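S.K.: Got a structure for you, questions after.
Throughout, read-outs are computed from the coordinates displayed, never taken from laboratory work. Treat the numbers as computed from the prediction; the structure is a model and nothing was measured. Here the Cβ is made from the backbone with ideal geometry for all residues, glycine too, and neighbour counts use every protein chain on show.
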Protein chains: 2
Amino acid sequence: MRISGAESLIMEALWANHPTTAEDIFARVAPGRGWSETTVKTLLARLVGKKAVDTEREGRRYLYRPLLAREAYVESESREFIDRMFGGRVAPLVSHFSAREKLSPEDIAELKRLLAEIDDGQ
Amino acid sequence: MRISGAESLIMEALWANHPTTAEDIFARVAPGRGWSETTVKTLLARLVGKKAVDTEREGRRYLYRPLLAREAYVESESREFIDRMFGGRVAPLVSHFSAREKLSPEDIAELKRLLAEIDDGQ
DNA sequence: CGTTACCGTCTACACGTGTAGTCAATAGGT
DNA sequence: ACCTATTGACTACACGTGTAGACGGTAACG
């Protein structure tokens with residue numbers, strides 16, 4: 001089930017803090033977006049419909065919690081993106097950024113660390 | 001100007017071979033998609049409207065050529081994706097793939113080569 | 001117990017997108 | 001010069017998405 005752009009903002013808020021109320025999500029997401037409360041509710045309802053979010057009644061309101069794990073979401077989005085853009089391989093993407101000097105020193109350090117780790121594993 | 005998913009397939013065909021005719025693009029893109037010829041024409045027209053593709057008359061038909069460079073497209077899509085998914089940094093993405101053993105030996109070799117290259121540059 | 005405030009649901013609407021049919025212009029062949 | 005085949009333009013339509021108003025049920029408070 002596809003998560004749209006606006007919906008993914010709601011998911012981010014939920015991943016950061018759950019279970020929680022629509023009001024809380026509204027408070028944390030809407031300011032940066034200028035969304036009305038209804039918009040947040042609509043998006044939540046759609047996510048529940050898509051089975052990406054689960055609800056649990058708490059008094060007169062719902063508590064929302066993510067059903068879709070962020071890991072799984074990142075995984076499928078990444079795969080799709082890398083397939084579309086870089087023929088399914090990771091190195092060309094890194095190469096692309098490296099060629100444009102968009103790699104920060106921290107990036108470079110961490111990449112080295114990762115590769116060393118992989119070598120250790122072998 | 002945003003390029004949609006279907007449109008990006010047309011762009012790929014154009015990047016691979018240009019300038020060329022709608023018929024040629026149809027021949028190369030439609031089979032894998034089951035698109036009708038009109039669909040390809042519509043997408044081309046939209047891309048021309050978005051100024052991502054340029055036309056030049058050749059007899060009774062057009063020759064199409066990309067106006068938007070693939071480099072620029074990849075750049076902006078990548079940036080947006082990395083911002084959305086990994087807080088704007090490349091290393092977490094690689095780390096994500098590395099953790100799932102989705103890095104091919106070629107990926108790893110190329111990453112090493114890239115890092116060595118960067119070191120040389122310093 | 002009745003009223004009120006809150007909160008989710010229903011409804012709505014414009015716009016982009018995926019997909020394609022019909023039409024009109026015109027280049028080319030005879 | 002005329003007919004025809006080709007090719008882009010116009011039109012269309014359903015569906016997802018971004019965005020939000022209106023409404024109705026029900027929990028809570030008095």
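S.K.: If we only count helices (runs of 4 or more DSSP H) wholly inside segment A:37-119, which ones have 2 or more residues that are more than 14 Å from every other protein chain (Cβ to nearest Cβ)?
M.R.: By residue number, A:37-49.
S.K.: Could you please give the count of residues in segment A:4-28 that are part of a helix (DSSP H, G or I) and either under 14 Å from the mean Cα position of the chain (by Cα) or surrounded by fewer than 15 Cβ atoms within 10 Å (Cβ to Cβ) (or both)?
M.R.: Our first condition is that a residue be part of a helix (DSSP H, G or I); within segment A:4-28, this holds for A:5-16, A:22-28.
Narrowing further to those that are either under 14 Å from the mean Cα position of the chain (by Cα) or surrounded by fewer than 15 Cβ atoms within 10 Å (Cβ to Cβ) (or both): A:5-16, A:23, A:27.
Qualifying residue count for the region: 14.
S.K.: Another question, if that's okay. Scan segment A:43-101 for residues that are β-branched (Val, Ile, Thr) and within 17 Å of the chain's Cα centre (by Cα) and jot them down. Spell out the reasoning first.
M.R.: First, pick out the residues of segment A:43-101 that are β-branched (Val, Ile, Thr): A:48, A:53, A:55, A:74, A:82, A:90, A:94.
Correct list: A:Val48, A:Val53, A:Val74, A:Ile82.
S.K.: Given the options B:Arg70, B:Arg33, name the one that is in contact (Cβ under 8 Å) with a residue 40 or more places away in the chain, at negative phi and more than 10 Å from DNA strand D (Cβ to nearest atom).
M.R.: Details: B:Arg33 fails: in contact (Cβ under 8 Å) with a residue 40 or more places away in the chain.
None of the other options fit; the residue is B:Arg70.
S.K.: So A:Ala91 ticks every box in (1) within 16 Å of DNA strand C (Cβ to nearest atom); (2) closer than 29 Å to B:Glu7 by Cα but one. Which box is left unticked?
M.R.: Of the numbered conditions (1) within 16 Å of DNA strand C (Cβ to nearest atom); (2) closer than 29 Å to B:Glu7 by Cα, the odd one out for A:Ala91 is (1).
S.K.: Can you spot a residue in segment A:7-14 that is farther than 28 Å from A:Gly88 by Cα and not β-branched (Val, Ile, Thr)?
M.R.: Scanning segment A:7-14 turns up at least one residue that is farther than 28 Å from A:Gly88 by Cα and not β-branched (Val, Ile, Thr).
S.K.: Give me a count of the residues in segment B:71-91 that are basic (Lys, Arg) and surrounded by 15 or more Cβ atoms within 10 Å (Cβ to Cβ).
M.R.: Residues of segment B:71-91 basic (Lys, Arg): B:79, B:84, B:89.
From the residues that got through so far, the ones that are surrounded by 15 or more Cβ atoms within 10 Å (Cβ to Cβ) too are B:84, B:89.
So the count comes out to 2.
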